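Colleague: A single structure is presented below for examination.
The values are calculated or read from the model by the stated rules, or taken from the named source; none is laboratory data. Fair warning: this is a prediction, and the values are worked out from it, not measured in the lab. Please note: Cβ atoms are built from the backbone with ideal geometry, for glycine as well, and neighbour counts cover all protein chains shown. Surface accessibility is based on the protein's heavy atoms, side chains included, excluding ligands, DNA and RNA. Shrake-Rupley method; radii C 1.70, N 1.55, O 1.52, S 1.80 Å.
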Amino acid sequence: MPYHSPLLDAPGSIAPPEGHPEAGVPWHWGDPFAEQRTASRGAVVIDRSHRELIAVSGRERLSWLHLVISQHVTELAEGSGTEALVLDSQGRVDTHMVLAHLDGTVWLDSDPGAAATSALPTGGRQPLREYLGAMKFWSEVDIRDATGELALLTVLGPEAARLLSAVGAEPGPEPYAVTALPGGGFARRMPWPGRSSVDLAVPRADLAEWWRKLTDAGARAAGSWTFDALRVESLRPRLGVDTDERTIPHEVGWVGSAAHVAKGCYRGQETVAKVHNVGRPPRHMLLLHLDGSPEITPETGDAVRAGERVVGRVGSVIQHHELGPIALALVKRSTSPSTELLVGDEDRVVQASIDPDSVPAEGAAPGRAAAQRLRG
C-alpha cells in the first residue's frame, strides 16, 4: 500500500500531484510562498514521514558499515551523524542516506523506495534493506527495517532553536549532532536546507502529537514544496530527481559530504578516487534561473539545450518565493556559464540562464558559492 501520512487528513493539508516524488506527505498547507517566507524568517515544521529508516546495531556495526557505504564511519562517535552513499561497481550512485549514531545503533534514513544494485550474481536491483542483509556475511550486526518505529519531521528557520528548546528537542550546534528525544527517537542537526535545519525522528505512533506540540510552540505548518524550494536554493540534490542512472558523486556535490575519497574497500571506490584525482567529472549540477513569463515549466528529465545541442538534463523544478522559477540541472562541463539555454521538451520549453555562482571552481563542490550567497 502507498504511504499516506495521517497529517494529510488534517484540515488545510494539500496533497501533491499524482506521481510526485514526495507523495504521501503534505505538499503545502494553502499558501506555499508564505510557508517559504516563514522558513526564512521564523520557523516551520515539515512532515517527511514517508522517508524510510533502517537500524544497524551490534558490536561490529561501524566496521561493517565502513565496508559497504561510501563514507568513513569507523570512528563515528555516539551522538553524531553524517551522509553516505551506496554505489554500484562503476561508482554510480545507487542510494543516498543520512546517518545518526545513538545508543549503540546507527540509524540510516533514505528517500522512499531506496534500492541498490544487487550484490548477487543475478544482478538487478533490490531494496536497500535486502542489499545490506546480503552484504552481512558473518559480521556481528543486526539490520532491521525501522520505518514502522520512527517517522521524520524537519524543523527549519532562524527561530527553530527557540522552538526546539521549548519542546526539549534541540541537538548540539555542530552539523549532524544527534541527541535523544524525550519519549524515544532522536534529533539531528542538518547543515541544509536553509538556516537552522533539524530533523526529528519521532516515534511513528506519536507523529500527530509531535506535530501538535511543535505547532503549538509556534512552528508554522509547511509542506514538501517549502523543503524542496530551500533544498534547490541550497544546491542539494534529490536522488532520482537530480540524478540519473549515470550520476557519479562528484557531479552533484556528494564527494566529501557523503563519499570519502581516501578510504578504500567499498564498491565503486576506484571511480571516486580516479575522478577526484583527475578533477574532471563529465557533468556538474548547476542552478538555472528559468524565464517565468510563460505559464509553463519544464519537467524532471527534460533536455537542456544550447541551440540545437543537448547539453544536460533537468532535475528539480520549483517555484521559489524570492527567486521565482528555478531548477537544478546536470550540465556538461564544456558548457559556458554565459550560454543561454533552452530547457524543456515538447510544449514546455522555456529560456534559462546559469547562475554563475553555482559553477564550481576546479576541485570544489558544485554550487558551494551559490549556496553561501543564497543563504546570506
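Colleague: Taking the mean number of other Cβ atoms within 10 Å as a proxy for protection, how do you rank 57-67, 283-293 from highest to lowest? Intermediate results must be reported in sequence, preceding the final value.
Modeller: Numbers: 57-67: 17.8, 283-293: 21.3.
With the highest mean Cβ count within 10 Å placed first, the list reads 283-293, 57-67.
Colleague: Given the peptides 197-210, 297-310, arrange them by the average over their residues of other C-beta atoms within 10 Å, most packed first. All intermediate terms of the calculation are to be shown ahead of the outcome.
Modeller: Values: 197-210: 19.7, 297-310: 16.2.
Final packing ranking: 197-210, 297-310.
Colleague: Out of every Cα pair in the stretch 108-179, what percent are spaced more than 16 Å from each other? Before the final figure, lay out the partial values.
Modeller: Numbers: 1650 of 2556 pairs.
That tail contains 65 percent of the Cα-Cα pairs.
Colleague: What number in nm² do you get for the chain if you take the convex hull of its Cα atoms and divide its surface by four? Write out the running numbers ahead of the final one.
Modeller: Working: hull surface 73.3 nm².
The number I arrive at for the chain is 18.3 nm².
Colleague: Heavy atoms only, probe 1.4 Å: what % of the accessible area of the stretch 96-208 goes to carbon and sulfur, would you let me know?
Modeller: 55 percent
Colleague: Express in % the proportion of alpha carbon pairs of the stretch 81-141 at distances exceeding 19 Å. Provide the component values of the computation, followed by the final result.
Modeller: Values: 615 of 1830 pairs.
Summing the P(r) of the stretch 81-141 above 19 Å gives 34 percent of all pairs.
Colleague: What lysines sit close enough to Lys274 to cross-link, taking a C-alpha to C-alpha distance under 29 Å and skipping anything fewer than 8 places away on the same chain?
Modeller: Answer for Lys274, where 29 Å is the Cα cut-off: Lys136, Lys263, Lys332, listed by chain and number.
Colleague: Take the alpha carbon gyration tensor of the stretch 43-109, find the square roots of its eigenvalues, order them as a ≥ b ≥ c, and report rounded if a/c is under 1.5; if not, report prolate when a/b exceeds b/c, else oblate. Provide the component values of the computation, followed by the final result.
Modeller: Working: a/c = 2.04, a/b = 1.15, b/c = 1.78.
Cα axes put the stretch 43-109 in the oblate bin.
Colleague: State in Å² the accessible area per residue of the chain; use a 1.4 Å probe, count heavy atoms of protein chains only, and round to the nearest integer. Please list the in-between numbers first.
Modeller: On the way: 15520 Å² over 376 residues.
On a per-residue basis, the chain sits at 41 Å².
Colleague: Let me ask something else. Quick one: grab the alpha carbon gyration tensor of the stretch 151-230, order the square roots of its eigenvalues as a ≥ b ≥ c, and give me rounded if a/c is under 1.5, else prolate or oblate depending on whether a/b is larger than b/c. Please report the intermediate quantities before stating the final value.
Modeller: Working: a/c = 1.41, a/b = 1.11, b/c = 1.27.
Rounded.
Colleague: Here is a further query. Going through the stretch 242-287, which GluC sites (Glu not before Pro) have at most 10 other Cβ atoms within 10 Å and a DSSP loop state? It would help to have the intermediate numbers written out before the result.
Modeller: On the way: sites: Glu245, Glu251, Glu270; in loops: Glu245.
Sparse-neighbourhood loop GluC sites (Glu not before Pro): Glu245.
Colleague: To check my understanding: the extent here is largest minus smallest coordinate of the Cα atoms along each principal axis. What are those three numbers for the stretch 251-317, in Å, largest first?
Modeller: The principal-axis extents, from largest down, are 50, 23, 17 Å.
Colleague: Which of rounded, prolate or oblate describes the stretch 151-190 when judged by the alpha-carbon gyration tensor and an a/c cut-off of 1.5? List each step's numbers first, then the result.
Modeller: Working: a/c = 1.44, a/b = 1.19, b/c = 1.21.
In terms of gyration-tensor shape, rounded.
Colleague: Related question: Need one number for the stretch 1-142: average projected area of the convex hull over its C-alpha atoms, nm². Kindly include the intermediate steps, with their values, before the conclusion.
Modeller: Numbers: hull surface 44.9 nm².
Quarter of the Cα hull surface area: 11.2 nm².
Colleague: Let me ask something additional. Percentage of Cα-Cα pair distances in the stretch 195-296 greater than 17 Å, rounded to whole percent? Walk me through the numbers before you get to the answer.
Modeller: Working: 3502 of 5151 pairs.
Considering the stretch 195-296, 68 percent of its Cα-Cα pairs are separated by more than 17 Å.
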